[in-house]
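The values are calculated or read from the model by the stated rules, or taken from the named source; none is laboratory data. Given the structure is predicted, the values throughout are model-derived calculations rather than measurements. Virtual Cβ from ideal backbone geometry, glycine too; neighbours counted across all protein chains shown.
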Amino acid sequence: MMPDAEPDNSENLSLELLRQGDAAFQGGDYKESLANLLEAFVLNHTDIDIQAKFIEVLSHTSGLKLPKPVTDILAEAVIANGHNAQALAPVLASRFEDDPDTDRAILFLEETPPGTIVEVPADIDFTALLGDQLFLLVCTKATSVSPNVERLLCALRKHFLSEWLADASSQSYFIDNYPDALAATACQAFNSEYIYAFSVDEQNKFSGLQASIAEDIRGVHPFELAILGTYRSLWETLKDSNPDDLQYLADQSPRWPGWLRLIWKIQFLAPFQEALIKQRLAQLTPIKDAHTEATAQQYEDFPYPRWQSTKASSTAITLEQLIAARFPYTMRPELANGPIDILVAGCGTGQQVAQLASNLEYKNVLAVDLSQNSLAYANRKAEEKGLKNVHFGQADILALSGWDASFDLIVCTGVLHHMADPSKGLASLLSVSKENTVFFLALYSERGRAQVVAARKLIAEHKIPDTLEGMRKFRAMVRELPVEHAAKNIAFSREFYSASGLHDFAFNAHETRYTPLELKALLDQHNLQLIGFDLPRGEYTARYKANYPDDPNMISLDHWEKFEKEVPDVFEDMLQFWCMKKVQN
């Protein structure tokens, strides 16, 4: 446990460190920001603003090795105050990387036949490893981005499965001692959408378990549900069962241990709620053409992303305040300076909707998408967060032009580039805008997605289907690629660790990519001006300004074209930017 600091001077010092850490973060100096915020957190770890900023900066890094007392308190803060658990996934990955204790434990699991463990070597501490608060938090409430966590969970579920199905003479070491680890394994399997591969022997075993559960639902043992949930979701297994049998399980569930109730909630109750929501979703426009239907089906099969928590501000601000703070020198007309109407066009599973509704003052939010499964997930999460005046409906962006409506902020990120003609999609968004509407858009980067282009070529060459099994095969292939292969780095992306993420990233039905000059042409075509970019890596801000002192607003797309040629990953894989109709002089 981290000691509480002295209350008087330490509190003032922690707030000053918070201010310095935020300033360093805004200036792109992540190393300095993290140093200040870590010190502030150690001094005053109960301050919610310090927690939030520290976690926000961690989310922009590839991971930081933090002492266990710090990660224990961070995990508690995420649970208590609803911070973004996903931000801590890279921290867990860093802990599991090149750690001799973890490596020994994983190798022992992989090399020891299941059902034979009576005791473990003295230099392996499964209680510490599997009971770690950061490990349990990330596995249950985020998507792990660690190859070693994946190895650990794959080995664990194999032991749980084999121990349960073995005869009475076999050992049940993990079942007897680590039910919380079983819950963590089942939750992470669900969060990653069962992207982890398994052997034929495992498939035969869990298929038999699944069949026996289906035959006698009322006789099922809680451990059987949990173990099956490490290989296949309980919803997919049980959804077509006799309603009376399902009601029996629901009636029994309050008597189950907490770790099993968690699995039941995540794997059955939440999807059940989404199924009910789908029945009452409004269809706001028809979906007509074949290309749009194919895109819709992609996200019906793989709703993206499967998020659990997200960044939220303690105080909502106006759109005017947001733009003025982010881009203080860009010329623009007066913006709406109060609660606004927001359109989120292509809202997916609603993570961005939750962020906007938590951070901006608004009157109404309308969130539309092609996929009913995505909308149902988004709606459930909005209800879970208690968001008011947020409305969801199925709609095709291309059909918005007939609407008698207009919005102050239109958000459309990661959507237009999947259309057959992104320009037509943008024109449709403009048809429901005002003269001073702000647009937040994101389009794939031609240079930033070089690794994805190589991956898509690999997929096409090997005729890998865009199925769950196909993606498992692709992941195995990528891991065997030589380091110098252009597609190798895709294994280090967050999207590699979930089915919907990988499908959206590399298996999507269609994509159009842009360079800064191509973006300039698109904006000019629609009489739009750039307000500014959201840069995923803030350290490039100072470098750009040093290179181009004649562009303090950082809005010259000619300069950005040159800069991106020098630094191809400056935008990572997407150009994320704010724009609006050109100001008339």
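Data table
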| read-out | value |
| --- | --- |
| Residue tally, condition under 28 Å from the mean Cα position of the chain (by Cα) and either in a strand (DSSP E or B) or over 18 Å from ASP524 (Cα atoms) (or both), over the range 408-436 | 11 |
| Residue in the range 190-199 that is of a type outside the set (Phe, Trp, Tyr) and farther than 18 Å from GLN267 by Cβ present | yes |
| Residue in the range 122-140 that is crowded, with 21+ Cβ neighbours inside 10 Å, part of a loop (DSSP other than H, G, I, E, B) and under 24 Å from the mean Cα position of the chain (by Cα) present | no |
| Residue within the range 245-257 that is among the charged types (D, E, K, R) and surrounded by 14 or more Cβ atoms within 10 Å (Cβ to Cβ) present | yes |
| Positions within the range 1-27 being at pLDDT below 85 and either surrounded by 19 or more Cβ atoms within 10 Å (Cβ to Cβ) or of a type in the set (A, V, I, L, M, F, W, C) (or both), in sequence order | MET1, MET2, ALA5 |
| Hits in the range 105-121 (condition: in a helix (DSSP H, G or I) and either of a type in the set (A, V, I, L, M) or surrounded by 16 or more Cβ atoms within 10 Å (Cβ to Cβ) (or both)) | ALA105, ILE106, LEU107, PHE108, LEU109 |
| Any hit, the range 378-388, residues being over 21 Å from the mean Cα position of the chain (by Cα), buried (at least 20 other Cβ atoms within 10 Å of the Cβ) and not in a helix (DSSP H, G or I) | no |
| Residue list for the range 32-48, filter: buried (at least 19 other Cβ atoms within 10 Å of the Cβ) and more than 17 Å from THR61 (Cβ to Cβ) | VAL42, LEU43, ASN44, HIS45 |
| Selection count where residues are assigned to a loop (DSSP other than H, G, I, E, B), in contact with a Pro (Cβ under 8 Å, 6 or more places away or on another chain) and of a type in the set (Phe, Trp, Tyr), scope the range 537-584 | 1 |
| Output for the range 491-542, where each listed residue is β-branched (Val, Ile, Thr) and either buried (at least 20 other Cβ atoms within 10 Å of the Cβ) or closer than 26 Å to GLN351 by Cα (or both) | THR512, ILE531 |
| Wholly within the range 227-313, helices (runs of 4 or more DSSP H) carrying at least 3 residues that are within 26 Å of the chain's Cα centre (by Cα) and within 23 Å of GLU469 (Cβ to Cβ) | 234-238, 290-301 |
| Residue match in the range 544-553 (condition: in contact with a helix residue (DSSP H, G or I) (Cβ under 9 Å, 6 or more places away or on another chain) and over 28 Å from THR61 (Cβ atoms)) | yes |
| Identity of the residue in the range 467-477, without any contact (Cβ under 8 Å) to a residue 60 or more places away in the chain and under 20 Å from ALA509 (Cα atoms), that ends up surrounded by the most Cβ atoms within 10 Å (Cβ to Cβ) | PHE474 |
| Filter result (surrounded by fewer than 23 Cβ atoms within 10 Å (Cβ to Cβ) and closer than 30 Å to SER309 by Cβ) within the range 207-230 | PRO222, PHE223, GLU224 |
| Meets criteria (buried (at least 17 other Cβ atoms within 10 Å of the Cβ), out of contact with any His (no Cβ under 9 Å at 6 or more places or on another chain) and farther than 26 Å from THR143 by Cα) for LYS488 | no |
| Lone unmet requirement of (1) within 16 Å of PHE507 (Cα to Cα); (2) without any contact (Cβ under 8 Å) to a residue 40 or more places away in the chain; (3) more than 23 Å from the chain's Cα centre (by Cα) for ILE459 | (2) |
| Residue within the range 14-25 that is among the aromatic types (Phe, Trp, Tyr) and farther than 30 Å from ILE175 by Cβ present | yes |
| Test result for VAL145, in a helix (DSSP H, G or I) and buried (at least 20 other Cβ atoms within 10 Å of the Cβ) | no |
